[in-house]
Every structure is written in structure tokens, then in C-alpha cells.
Amino acid sequence: MLTEETKSIIKATIPVLEEHGDAITTAFYKHMFEEHPELLNIFNKTNQKLGRQQTALAQTVIAAAKHIDHLEAIIPNVNQIAHKHRALQIKEEHYPIVGENLIWAIGHVLGDAATPEIIDAWTKTYGVIADVFIQMEKALYEEEEWHDFKPFKVIDIKEESAEIKSYTVISDDIKVQPIKAGQYITVKVHPENEENDALRHYSICSVDSTKGIKFAVKRDVAGSEKGMVSNYLHDNVKVGDELLLSAPAGEFTVDAPQEKDIVLISGGVGMTPIMAMLEDEDKKGRNIKFIHSAYNRDAVPFKAEIKKFHNKENVQFFFNYSESVGRLNKAKLTDIINGNEEIYMCGSVAFMEAMLEVFNEMNIDRSQVHFEPFGPKMSITI
Ligand code: HEM
């Protein structure tokens, strides 16, 4: 339990943290990796270079500080992060390392302004926040289908679009349970010429695991830091090779009452978990509106799978090609969505933000909209 005095110090330091949040987390990562270079086998180096994880961590700490009187408000976000941590095999013993280095970084960046009282308040508060994560992750470890990363053999690779390939993998030892639609797996690779292991999450395309787990990877070519792992998988991994996988994870699943219609909406490779939802919800006889936004027809993945649903009365398809008709907007979506459905969507953070804005314009209640961005979700929700 935090005392009122500790809480008031935390509240008083929020503006300072907001001002220096990124500087603190940048110093934190630099220092932590100097002290614990083994952690470079866990953290995403591309995210580090692009500053993505810096922002995620800074925002989470500030969000927690803002909700210090009612930390339960951040539980839904912690749940999503806890799934990712479990998938990456982050353990209880890692938390003190992050804590020590974060507190060091606060002191380092704030200098004399970081009084012993402030350092003490943040040390205690970090302990409380870390415990929320640790307890939630403990429960996920108890349920995980297999422990650690286990070898799976690649039995099929398919070009799903110009930039997306799917990989089907099986294990000799593990009989994989049916997948929950919307989940992802986490792959651990060690590309030649790289010093460290690299871990990445990829969404699973199908709930049917009888012939293996099928997941999709978009070749990331954007910017100077093109995706190290996606390019490695696209260029180097062949049928017969082995990949290390941790157990499926994620809480982006369809939980709408059976009588409700659903809208499945995706941008780009965000169609991957949405395909698993389409397959699963169609089996239940659900009425589905499937909306996909892509640059053009060539960029649309899973065309063969989509064709299988073309004669189904319960499934309606809408494709938006932004190259020719621009982005999805209120006018287009008002023709499709009546506002009574539950909406599930997946895509980039930018796509999610744009769609949430359109839903606001359409007066669709946020509680009807469930989403998973390829990136930290808290930056959108808090
Ligand atoms: C991802 C917060 C502890 C390793 C994340 C994300 C957040 C976060 C917000 C982004 C999630 C997303 O992509 O949706 C926190 C907080 C912690 C904590 C608030 C402490 C209370 C730890 C610890 C470790 C760790 C102890 C391991 C030493 C990672 C890794 C990722 C991640 C490897 C994936 C992103 C990347 O590799 O850049 N965490 N985390 N975290 N976290 Fe944590």
C-alpha cells in the first residue's frame, strides 16, 4: 500500500515526468543494456532504434502515475501487455532489473531535482505497478500451452500477397490445441551476422491447428530500419527449417453475444487475425460484415481463403482500395455499418486511430469497438 504522502509526491511529479518522459526512458534503456547486455536477447532492437518502446514505457509509467488512486483503471491495458510479456517469456526476476534502472534514469535526468523523497516515492510506486504485472503474468504462465520456446518445423510457406507470406509449422512433441481466433505466436530467431536473438509476435491466420499453426509475416520495408526479422523470415527460412515458438497468446478475441452481428475490419496485414475470426464466427452461423482496406488489389492477402466465403449468405465483403478511392471514411462506413454491431478491428496504430475517429463521427459507442493495433495499444487508449 502506498501512503498518501507517497501518492502526493507521485502526482506532483507527473508534469516533470511528462516533460522528461522520453529522456528518462532513453537513459534507462541505455544504462540497462550496459549493465545487462543479456537483455538485448529479449528486447526488439528495431523498436529501440525507432524509439517506439521508449514511448510505450514512458506512457505506461505516466498512465500509472495518473491513476495512482485507482490503479485498477489501467488493468485492461496491463492485461494486453501481460500477454505480450508472457509470450516473450518475461519473468518475475526481470522486474527488479527494470526497476533499478528506471529509478537510476529518473535520478540521472532530473539531477538535483530528484530529491531522496521523490526517488523513494517512485521506487515504492514502481514496486506496486510491477506487482500488478507479475501477478497477472503468473496466472498466464500457469495456463500457457507449453513453457519456454520450443522447436517447430516449417512445413509450408505461401505467398499470400506481394508483401505477405504465411508459414505453417508443426511440432513432433506438442499436440497444439485449437487456436483462439485473434491470438498470435512469438518467434525467436538468431539471424547470421546478428549478435543477439530476436523475438517477434505474428498473428495466427486460422483457428484450425490440426495441420499445424499458420501465421503471417509482412515484409517490413518502411524507413531506414527495415524489419530485421520479417526480412530474415522472407529471405532465409525455407520449408524443413526449424523455428522456435512460445505458446499462443493474446486477448483480442470475439466475445460478442451470439445474437449480435459483428463487423470485422482490417487494414493491410491486420487481416491475419481477422481471417481466423471470420473462419470461427462463420462456423457459429454469425452474421458478419467483413471490411478490408488495402492500397490496391495486389496488396490483399488470403484471396484463396476469402473466396471460400463468397457464397455465404451470412458474410458480406467490402474492399476499399485507397490507391483509387482514398481511405475508409464516414460516408463509406455509414452505408455498411448500422451501429448495432460489435466491431473488431486490426491494423497499424495509424489505421486504428483513423478508424476510431470515424466511429466517433458516427456516434458509435467506444464499448462496441474492440481492437488490436500492431504496436502499443496504450498510446491509443489512455
Ligand atoms: C513491451 C510496459 C516490465 C520487456 C512492453 C510494452 C509496454 C511495457 C507498454 C508495449 C506493449 C505493446 O506492444 O502493446 C512495461 C512496464 C513494466 C514492464 C510498465 C514494469 C512495470 C518489463 C520487464 C521486461 C520487459 C521487466 C524484461 C526485462 C518488454 C519487451 C517488450 C515489452 C521485450 C516488447 C517490446 C520490445 O521488445 O521493444 N512493456 N514493461 N518489460 N516489454 Fe515491458
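The values are calculated or read from the model by the stated rules, or taken from the named source; none is laboratory data. This one's a predicted model, so the numbers in the text were calculated from it and none came from an experiment. Positions of Cβ are backbone-derived with ideal geometry, glycine not excepted, and every protein chain shown enters the neighbour counts. Areas reflect the complete protein model, heavy atoms only, side chains present, ligands, DNA and RNA absent. Shrake-Rupley method; radii C 1.70, N 1.55, O 1.52, S 1.80 Å.
Go through the range 170-187 and count every residue that is among the hydrophobic types (A, V, I, L, M, F, W, C), surrounded by 22 or more Cβ atoms within 10 Å (Cβ to Cβ) and assigned to a strand (DSSP E or B).
Matching residues across the range 170-187 total 2.
Picking from 10, 14, 24, 42, which residue would you name as being modelled with pLDDT of 85 or more, assigned by the TED database to the domain that holds residue 127 and in contact with a strand residue (DSSP E or B) (Cβ under 9 Å, 6 or more places away or on another chain)?
Of 10, 14, 24, 42, the one residue that is modelled with pLDDT of 85 or more, assigned by the TED database to the domain that holds residue 127 and in contact with a strand residue (DSSP E or B) (Cβ under 9 Å, 6 or more places away or on another chain) is 42.
Quick one: which helices (runs of 4 or more DSSP H) lie wholly within the range 217-336 and hold at least 1 residues that are in the same structural domain as residue 167 (by the TED database) and at pLDDT below 95?
Of the helices (runs of 4 or more DSSP H) lying wholly inside the range 217-336, those with at least 1 residues that are in the same structural domain as residue 167 (by the TED database) and at pLDDT below 95 span 228-236.
How many residues are open to solvent by 40 Å² or more (accessible area, probe 1.4 Å) and hydrophobic (A, V, I, L, M, F, W, C) when one looks only at the range 111-135?
Count: 4.
Output yes when any residue across the range 371-381 is under 26 Å from residue 259 (Cα atoms), touching a residue at least 60 places away in the same chain (Cβ under 8 Å) and not polar (S, T, N, Q), and no when none is.
yes
Among the candidates 87, 105, 63, 82, which residue alone is more than 8 Å from the ligand (Cβ to nearest atom) and closer than 12 Å to residue 24 by Cβ?
105
Sort through 66, 138 and tell me the only one that's open to solvent by 50 Å² or more (accessible area, probe 1.4 Å), more than 19 Å from the chain's Cα centre (by Cα), in the same structural domain as residue 22 (by the TED database) and under 30 Å from residue 176 (Cβ atoms).
On inspection, the qualifying residue turns out to be 138.
Any residue in the range 106-126 that is more than 17 Å from residue 21 (Cα to Cα) sitting within a Cβ distance under 6 Å of a residue that is among the hydroxyl-bearing types (Ser, Thr, Tyr) and open to solvent by less than 60 Å² (accessible area, probe 1.4 Å)? List the pairs, counting only those 6 or more apart or interchain.
From the range 106-126, the pairs are 124/6.
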